[in-house]
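Q: I am attaching a structure below and will ask some questions about it afterwards.
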Amino acid sequence: MRIPLMIFVLLFIPLTAAAQGSAVGYLENAERQFNERKYDLALKSVNEAIRLQPDYPPAFLLRGKVYFELRDYFSASNDFTVVIDSKPDFVDGYIERGKTHIQLGNYYSAIDDLTKAIELEPDNEDAFFHRGRAHYLSKKYKESISDGTRTIELAPGYVNAYNNRAENYSALKDYQSALKDYTTALEIAPADTFALYGRGWTLATQLGKYQEALIDLSRFIEQRPRNAGAYGTRAFCYMYLENDEAAIRDYALAMECEPANVLWYNSHGHLCLGAGYLKDARETYLKILQMYSNAWDAELGLAVISMEENDSSGARMHYDKAVSHKPALGKGMAGFDELNGAVKGMRPLPEKYLVKYRRLFDRMK
């Protein structure tokens with residue numbers, strides 16, 4: 001069990017009674033401001049507590065948490081180290097520093113700290129959860145699943161433990177187990193956005209259950225209407241459900257959310273092309289070429305449009321440019337499939353969106 005901050009305060013008795021009272025007062029204000037998410041004010045208050053009592057570990061613990069929320073992870077780590085040096089058996093110090101190491105990308109240091117926390121308190125679910133995150137991020141998926149399972153044993157309602165374990169199952173391509181964990185997370189917290197997106201993505205891209213995926217992704221978008229990935233994945237579902245209008249609309253929304261992400265422009269252009277909206281496809285491909293002058297897929301799309309418009313010279317010009325950027329296209333459709341295979345983890349495009357490319361390669365032989 002984790003020790004509340006103000007109980008932790010009582011473990012440290014400052015030398016001067018007057019300074020103790022003043023420091024505790026500032027610390028109480030800082031804790032209230034922290035809980036109200038007024039992090040800049042909390043930082044000022046806790047700094048004053050430390051000024052009055054420089055050897056006051058509870059203030060360093062809270063300041064470390066404030067720095068963490070302000071994303072100043074180096075300063076947070078330094079403050080948690082002060083706490084650990086002052087009280088080497090204080091579990092929260094190791095957990096908080098472990099979380100900070102994760103944010104800094106120091107996953108093995110995080111594992112060391114969280115393992116120490118578990119040694120001190122073997123039934124601490126937070127220590128197991130965060131160590132599981134560190135294992136996941138260092139691609140130790142089986143170890144992470146083990147930590148997630150232990151977290152769930154200790155705290156069956158720990159939603160993020162199911163989500164994290166689901167991510168590990170996905171990394172191991174065990175999508176049915178991932179689906180089960182996301183579903184359990186949603187039974188506990190029906191509005192959890194991480195689980196909604198994770199289950200929707202799994203259903204759509206790995207299991208081909210597009211109608212079910214639409215429900216989760218739409219619920220996610222209701223809460224996170226500026227998430228480009230959700231629109232892109234939902235568009236993917238609409239595409240396979242042969243609802244071209246909805247798919248094109250969602251890819252356009254993804255472009256609005258992430259105007260510098262060429263993936264959404266490519267998807268929008270290919271979909272417009274496959275659905276026969278040549279004008280819209282051309283506009284999108286030209287935007288891509290403004291962003292990346294050597295975009296082979298945009299040139300190839302323009303070649304298809306030229307072919308559809310019976311512009312043989314235009315088709316040849318754009319095709320040759322595409323091949324100059326990506327010589328593999330000289331192998332025809334096999335090269336096209338090879339290049340598109342670089343986008344791993346997604347189901348292949350339906351044939352209706354590929355037939356025009358096949359016709360182009362046949363003509364360019």
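The values are calculated or read from the model by the stated rules, or taken from the named source; none is laboratory data. Note that the structure is predicted; figures quoted are calculated from it, not measured. Every residue, glycine as well, gets a Cβ built from its backbone with ideal geometry; the counts of neighbours run over all protein chains shown. The area values use the complete protein model at the heavy-atom level, side chains included, leaving out ligands, DNA and RNA. Shrake-Rupley method; radii C 1.70, N 1.55, O 1.52, S 1.80 Å.
Each row is one residue, and each column tells you yes or no for (1) of a type in the set (Asp, Glu); (2) in contact with a Ser or Thr (Cβ under 7 Å, 6 or more places away or on another chain); (3) under 18 Å from residue 325 (Cα atoms).
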{"position": "243", "(1), (2), (3)": "no, no, no"}
{"position": "259", "(1), (2), (3)": "no, no, no"}
{"position": "263", "(1), (2), (3)": "no, no, yes"}
{"position": "272", "(1), (2), (3)": "no, yes, no"}
{"position": "291", "(1), (2), (3)": "no, no, yes"}
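Q: Inside region 1-112, counting only helices (runs of 4 or more DSSP H) that do not spill past its ends, which hold 1 or more residues that are at pLDDT 95 or above and surrounded by fewer than 20 Cβ atoms within 10 Å (Cβ to Cβ)?
A: Because the criterion is at least 1 residues that are at pLDDT 95 or above and surrounded by fewer than 20 Cβ atoms within 10 Å (Cβ to Cβ), the helices (runs of 4 or more DSSP H) in region 1-112 that meet it are 17-35, 39-52, 57-69, 73-86, 91-104.
Q: In region 316-334, is there at least one residue being touching a residue at least 12 places away in the same chain (Cβ under 8 Å), under 30 Å from residue 171 (Cα atoms) and in a helix (DSSP H, G or I)?
A: yes
Q: Follow-up. Can you tell me which of 266, 227 is within 23 Å of the chain's Cα centre (by Cα), surrounded by 18 or more Cβ atoms within 10 Å (Cβ to Cβ), at pLDDT below 95 and not hydroxyl-bearing (Ser, Thr, Tyr)?
A: Every option except 266 fails the conditions.
Q: Given region 225-285, what helices (runs of 4 or more DSSP H) lie entirely inside it while holding 1 or more residues that are among the charged types (D, E, K, R)?
A: Helices (runs of 4 or more DSSP H) meeting the threshold: 228-240, 244-257.
Q: Would a scan of region 114-125 turn up a residue that is at pLDDT 95 or above, surrounded by fewer than 17 Cβ atoms within 10 Å (Cβ to Cβ), β-branched (Val, Ile, Thr) and within 23 Å of residue 200 (Cα to Cα)?
A: Scanning region 114-125 turns up no residue that is at pLDDT 95 or above, surrounded by fewer than 17 Cβ atoms within 10 Å (Cβ to Cβ), β-branched (Val, Ile, Thr) and within 23 Å of residue 200 (Cα to Cα).
Q: Counting only residues that are open to solvent by less than 80 Å² (accessible area, probe 1.4 Å), under 24 Å from residue 239 (Cα atoms) and among the acidic types (Asp, Glu), how many does region 282-320 have?
A: 3
Q: Next question. Assuming residue 279 fulfils every condition listed in (1) more than 20 Å from residue 333 (Cα to Cα); (2) crowded, with 21+ Cβ neighbours inside 10 Å; (3) more than 32 Å from the chain's Cα centre (by Cα) apart from one, which condition is it?
A: (2)
Q: So the check is Cβ under 6 Å with 6+ separation or different chains; which pairs have a first residue in region 135-160 that's open to solvent by less than 50 Å² (accessible area, probe 1.4 Å) and a second one that's in a helix (DSSP H, G or I) and of a type in the set (Lys, Arg)?
A: 145/165; 147/131; 148/165
Q: When residues of region 252-306 are filtered for being of a type in the set (Gly, Ala, Ser) and out of contact with any Leu (no Cβ under 7 Å at 6 or more places or on another chain), how many remain?
A: 10
Q: Among residues belonging to region 186-202 that are part of a helix (DSSP H, G or I) and farther than 16 Å from residue 217 by Cβ, point out the one that is least open to solvent (accessible area, probe 1.4 Å).
A: So the residue we want is 188.
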